[in-house]
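Asks: Before anything else, here's the structure in question.
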């Protein structure tokens, strides 16, 4: 096998022009879905005396548990604190408690 034919064979594989396939044109299916306009039902709006949380929140206290993770060889450890409970106060002075335990 000569180098010329080997080069031709490799070039035919590597430099082959890309042929893009024509995309199929599909028509809409025979499903008849009527168009409609959506209508939402809402409340009269938020009130200052609502039961929601008013921003901003200010952290008051935090309860944490230290967690230590050892690697499989027991040579390396990672210790970090995991929040169990965070107590905050919202803009209306109400207490907001996030309890993760």
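Asks: Quickly run through region 83-101 and pick out the residues that are surrounded by fewer than 11 Cβ atoms within 10 Å (Cβ to Cβ) and modelled with pLDDT of 90 or more.
Replies: Matches in region 83-101: 93, 95, 97, 99.
Asks: Further question: Might you let me know whether region 12-20 holds any residue that is surrounded by 10 or more Cβ atoms within 10 Å (Cβ to Cβ) and either modelled with pLDDT under 70 or assigned to a loop (DSSP other than H, G, I, E, B) (or both)?
Replies: No; the residues of region 12-20 include none that is surrounded by 10 or more Cβ atoms within 10 Å (Cβ to Cβ) and either modelled with pLDDT under 70 or assigned to a loop (DSSP other than H, G, I, E, B) (or both).
The values are calculated or read from the model by the stated rules, or taken from the named source; none is laboratory data. Every value quoted in this text rests on a predicted model; they were computed, and no experiment measured them. Don't worry about glycine lacking a Cβ; one is built from the backbone with ideal geometry, like all the others, and counts go over all protein chains shown.
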